[in-house]
Amino acid sequence: MTFNPEENVTEETTAELNDATLNELFEEESCCADESCEQASSSKTEEKPASEDWKEKYFRALAEQENMRKRMQKEKQETLRYCYENCISEFLAPLDNLENALRFTEQASSEVKNWAMGFQMILTQFKEVLHNHGVVAFHSEGNTFDPHYHEAVEIVETNEQEEGTILKEFTKGYKSASRTIRPARVKVAKRPKTEAISPAPEESLEAAAETPNEQN
């Protein structure tokens with residue numbers, strides 16, 4: 001059997017090349033695995049803020065919806081209360097007429113007084129209904145004029161009262177917890193205008209005596 005060194009060399013080199021190729025392949029696969037792991041971890045880190053953003057938007061939308069529901073409920077209550085108060089204000093004039101008519105029953109006969117007692121009870125019931133809806137009358141005479149609660153129908157100049165004092169109440173005013181249902185019609189005091197100060201008699205005589213001298 002003859003020894004051929006070329007054949008041994010080629011076999012050994014082929015085995016070495018195969019080993020090197022396998023090592024390179026293993027290294028490439030490990031690198032790809034590392035890169036895929038890094039990409040997966042980075043995608044997870046990127047997805048986490050996105051999910052938190054959606055969650056934040058969801059809770060924000062819920063809060064806005066709740067605030068809108070409360071605001072609409074409040075506006076509905078205010079609208080209903082405003083309608084009730086406007087409807088009640090239409091009954092104030094007849095109540096005033098009934099109350100004014102009952103004031104003149106003291107000098108009437110006993111039969112009329114009996115009738116007036118029944119109407120007085122009805123008037124009391126009407127006032128209780130107003131009070132249950134938060135509408136009450138307020139006193140104005142002797143108080144200071146307030147444009148939010150009073151309407152001046154007459155102004156009297158006087159020095160006996162402070163300016164802006166209400167001297168008389170013609171029509172009773174009514175108010176609720178939120179606004180004035182009907183302003184009271186009143187008479188208001190006002191300070192008289194100050195007249196021009198006339199010169200003293202002595203000064204006028206001196207002025208009259210000086211004028212002839214100046215002419216001479």
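Of ASP53, ASP146, the sequence from fewest to most neighbouring Cβ atoms within 10 angstrom is ASP53, ASP146.
Taking the number of Cβ atoms within 10 Å of each Cβ as an exposure proxy, the fewest-first ranking of THR105, THR124, THR158 is THR124, THR158, THR105.
Just so you know, the Rg over Rh for the range 47-168 is 1.32, from Cα atoms, with Rh as the Kirkwood radius. For PHE126, PHE170, the sequence from fewest to most other C-beta atoms within 10 Å is PHE170, PHE126. Sum up the charges of everything whose Cβ sits under 15 Å from the Cβ of LYS74, counting Lys and Arg as +1 and Asp and Glu as -1, but leave LYS74 out. Summing Lys and Arg as +1 and Asp and Glu as -1 gives +2. The stretch between GLN77 and GLU141, if pulled fully straight at 0.36 nm per residue, gains 19.7 nm over its current Cα-Cα span.
Using the beta-carbon distance between GLU64 and ALA177 and R0 = 35 Å, what value does 1/(1 + (r/R0)^6) give for FRET efficiency, to the nearest 0.05?
Computed FRET efficiency for GLU64 and ALA177: 0.70.
Simple point charges give the picture: +1 on the Cβ of Lys and Arg, -1 on the Cβ of Asp and Glu, and for the range 43-131 a dipole about the Cα centre of about 320 debye.
Please give the length that would be gained between LYS57 and ARG191 if that part of the chain were fully extended, namely 0.36 nm times their separation in residues minus their C-alpha to C-alpha distance (nm, one decimal).
Using 0.36 nm per residue and subtracting the Cα-Cα distance, I get 41.7 nm.
For PHE104 and PHE126, the difference between the fully extended length at 0.36 nm per residue and the C-alpha to C-alpha distance is 5.9 nm. Only the Cβ atoms of Lys and Arg (+1) and of Asp and Glu (-1) were treated as charged; on that basis the dipole of the range 82-174 about its Cα centre amounts to roughly 540 debye. Tell me the net charge near ALA189. Cut-off is 12 Å between Cβ atoms, ALA189 excluded, with +1 for each Lys or Arg and -1 for each Asp or Glu. Combined, the nearby Lys, Arg, Asp and Glu give -2. Converting the Cα gyration tensor eigenvalues of the range 135-192 into ellipsoid dimensions via √(5λ) gives semi-axes, longest first, of 22, 9, 8 Å.
Here, each number is a calculation from the coordinates, and none is a lab measurement. Computed from a prediction, not measured in an experiment: that's the story for all the values here. Every residue, glycine among them, receives a Cβ derived from its backbone with ideal geometry; neighbour counts consider all protein chains shown.
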